[in-house]
Amino acid sequence: MQNKRSIITRFAPSPTGYLHIGGARTALFSLLFARRHGGQFKLRIEDTDRARSTDDAVAAILDGLHWLGLDWDGDVVSQFARAERHREVVDALIARGAAFRCWCTPDEVETLRQAAFDQGRALRSPWRDRDPSQGPDAPYVVRFKAPERDVAIMDGVQGEVRWAAKEFDDLVLLRSDGAPTYNLAVVVDDHDMGVTHVIRGDDHLVNGGRQTQIYDALGWTVPHFAHIPLIHGPDGKKLSKRHGALGVEAYRDMGYLPEGLRNYLLRLGWSHGDKELFTDAEMIAAFDLAGLNKSPARLDFDKMASVNAFHMKRAGSARLTDLLWARLETRPGLRLDETGRAWVRASMDVLKERAATLAELEDQVYFMLRLRPVAAAGQTAGALDADALARLSRLRTALAGHDDWSEAALAGALKAFAGAEGVGFGKIGQPLRAAITGGAPAPDMSFVLAVLGRDEVLARLDDVI
RNA sequence: GGGCCCUUCGUCUAUCGGUUAGGACGCUAGGUUUUCAACCUAGAAAGAGGGGUUCGAUUCCCCUAGGGCCUGCCA
């Protein structure tokens with residue numbers, strides 16, 4: 001770890017779908033580790049398999065990273081675009097006897113593979129020791145000549161992991177159409193990009209061994225590996241790109257803030273004593289590989305909401321108003337004019353304390369934006385009996401003549417009115433709430449009256465009296 | 001079939017041989033109360049099983065069970 005080179009990490013998704021939650025966490029860890037050490041975080045798209053890569057998927061991944069605030073350094077590297085360089089390295093490998101041409105047909109490979117499988121060992125091609133000049137005039141693949149030497153990696157999470165030489169096969173480096181394969185391309189690209197630390201899902205742990213063989217054959221320095229356990233669904237079932245995991249935009253739509261999701265993801269598989277809540281600066285200051293966990297973690301939406309609530313409270317009210325308004329704009333039956341927006345903005349300092357997500361915030365602003373006349377529903381509807389209506393009528397008169405419309409003054413006025421009526425505050429508060437909010441969730445009534453303003457309050461009272 | 005990885009409250013986790021096994025979310029009870037929340041207080045809740053090593057194991061080793069990954073001309 002005492003590397004003099006500045007640290008470079010990378011996130012290398014394959015563009016076959018959206019940026020799922022597991023990939024997002026991998027990217028987050030990689031970015032944090034780089035930032036922590038003043039290094040760089042790079043992005044490479046692993047699009048060597050043209051049949052499975054799409055531009056839409058690339059765009060979705062970039063969008064997802066942007067939204068989550070995981071911005072990379074430098075240009076996005078396309079693995080496919082580097083195919084020439086990959087072939088060049090393969091030529092070098094062949095030249096030094098570390099790779100060879102293999103003319104086995106798919107059927108022959110299948111037979112050999114089955115035989116190797118039955119013996120409990122990995123595939124070895126008969127061409128690894130054959131004279132290439134004997135090769136037929138037919139398509140061939142280039143295979144890596146798996147070394148007869150045991151392999152070990154020092155993983156940042158898993159510790160030392162070893163494999164016997166027979167566990168690794170003569171893997172294909174170049175397909176019969178000349179296209180490079182994943183394990184070769186990863187090694188070449190990581191090397192060329194100067195990647196010092198590879199943080200990725202532990203589904204790649206064995207690839208760490210294979211790739212180490214290739215690094216060694218090339219005489220290149222093997223990067224530090226850190227294979228992190230995968231994320232599972234709430235049911236404990238695997239969650240991965242191959243099983244339709246949700247993209248990060250789904251979490252955005254559920255109303256999570258990017259910083260909230262970042263914080264939740266950070267604590268999923270990584271810990272720092274008992275500390276749960278992190279600002280971005282704290283994350284960067286605290287992140288280390290030692291805190292990574294070895295076992296898979298399940299997603300817990302309650303916890304995610306709770307963590308997000310912390311960030312909702314910290315978020316600027318103007319920003320929250322913008323985010324909320326964008327969500328509201330498509331909803332019918334709401335007062336979405338400038339006045340409505342001003343009410344929302346004016347009450348945001350208070351309302352953001354009461355909502356864990358933007359979706360909950362939508363419920364919190366409903367009492368203001370709902371259209372008149374507001375129909376009382378639920379428990380509060382029962383509060384509007386004849387006595388209460390008569391009292392509200394007198395309250396209306398009192399409020400109409402009340403000049404100071406500040407929250408504090410209104411609180412005093414309501415209390416004074418209750419005193420004058422000779423009743424407890426409950427006799428005033430409940431019917432007033434029913435009339436003004438219709439029973440929708442809302443803060444303290446004096447606050448509500450202050451935000452809505454005299455005209456709206458009197459109008460809503462008139463609607464029920 | 002072979003190899004590798006993992007296993008503390010329901011969930012995320014702390015512990016780096018000696019603790020009443022701690023915290024957080026959720027849950028339960030109580031408080032506050034003008035709705036819903038928020039908030040405050042209290043409580044229930046865990047070392048997969050079996051062997052070792054040791055004065056002493058959640059912690060170190062082995063076995064078993066369970067889960068996962070790889071074993072592709074996918075990444």
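Helix A:106-118 and the longest principal axis of the C-alpha atoms of chain A enclose an angle of approximately 80°. Averaged per residue, region A:118-206 has 46 square angstrom of accessible surface, using a 1.4 angstrom probe with ligands and nucleic acids left out. Amide H to amide H distances under 5 Å link A:Ala99 with A:Ile94, A:Lys145, where only residues 5 or more positions off or on other chains count and H is placed in the peptide plane. For region A:333-387, a simple Cβ point-charge model (Lys and Arg +1, Asp and Glu -1, everything else neutral) yields a dipole of about 200 debye relative to the Cα centre.
In region A:144-198, the ratio of gyration radius to Kirkwood radius, Rg to Rh, stands at 1.02 when only Cα atoms are counted. Computed from point charges on the beta carbon alone (+1 for Lys and Arg, -1 for Asp and Glu), the dipole magnitude for chain A about its Cα centre is near 540 Debye.
Since only A:Leu277, A:Val186, A:Trp127 are under comparison, the one whose Cα sits farthest along the positive direction of the charge dipole of chain A, derived from C-beta charges on Lys, Arg, Asp and Glu, is A:Leu277. Each part gets one Cα centre, and for region A:103-127 versus region A:211-228 those centres are 26 Å apart. In chain A, excluding the sites themselves, the longest stretch lacking any of the GluC sites (Glu not before Pro) that are in a DSSP loop with at most 10 other Cβ atoms within 10 Å is A:149-328.
Here is how the number arises for chain A: DSSP H runs of 4 or more residues each give -39500 (n - 2.57), the sum is divided by the residue count, and the result at 222 nm is -14500 deg cm²/dmol. Shown for chain A: the carbon plus sulfur share of the solvent-accessible area, taken with all protein chains present and a 1.4 angstrom probe, equals 50%. Each of A:Ala375, A:Ala418, A:Leu395 was placed along the dipole of region A:367-446 (beta-carbon charges, centred on the mean Cα), and the one lying farthest toward the positive end is A:Ala375. For region A:289-364, the list of trypsin sites (Lys or Arg not before Pro) that fall in a loop by DSSP and count at most 13 other C-beta atoms within 10 angstrom reads A:Lys294.
Shown here for region A:181-253: trypsin sites (Lys or Arg not before Pro) in loop regions (DSSP other than H, G, I, E, B) with at most 16 other Cβ atoms within 10 Å, namely A:Lys237. Binning the C-alpha pair distances of chain A at 10 Å intervals from 0 yields a P(r) profile of 4, 17, 21, 17, 13, 10, 8, 6, 4, 1, 0 %, listed from the shortest bin outward. The alpha carbon centroids of region A:1-65 and region A:422-447 are separated by 52 Å. Between the beta carbons of A:Lys313 and A:Tyr140, assuming R0 = 51 Å, the FRET efficiency works out to 0.20 to the nearest 0.05.
When +1 charges are put on Lys and Arg Cβ atoms and -1 charges on Asp and Glu Cβ atoms, the dipole computed for region A:144-282 relative to its Cα centre reaches about 320 debye.
The values are calculated or read from the model by the stated rules, or taken from the named source; none is laboratory data. Only a predicted model underlies this, so the values are computations on that prediction, with no experimental measurement involved. Positions of Cβ are generated from backbone atoms using ideal geometry, with glycine treated the same way; all protein chains shown enter the neighbour counts. Please note that ligands, DNA and RNA were not included when accessible areas were found on the heavy atoms of the full protein model with its side chains. Shrake-Rupley method; radii C 1.70, N 1.55, O 1.52, S 1.80 Å.
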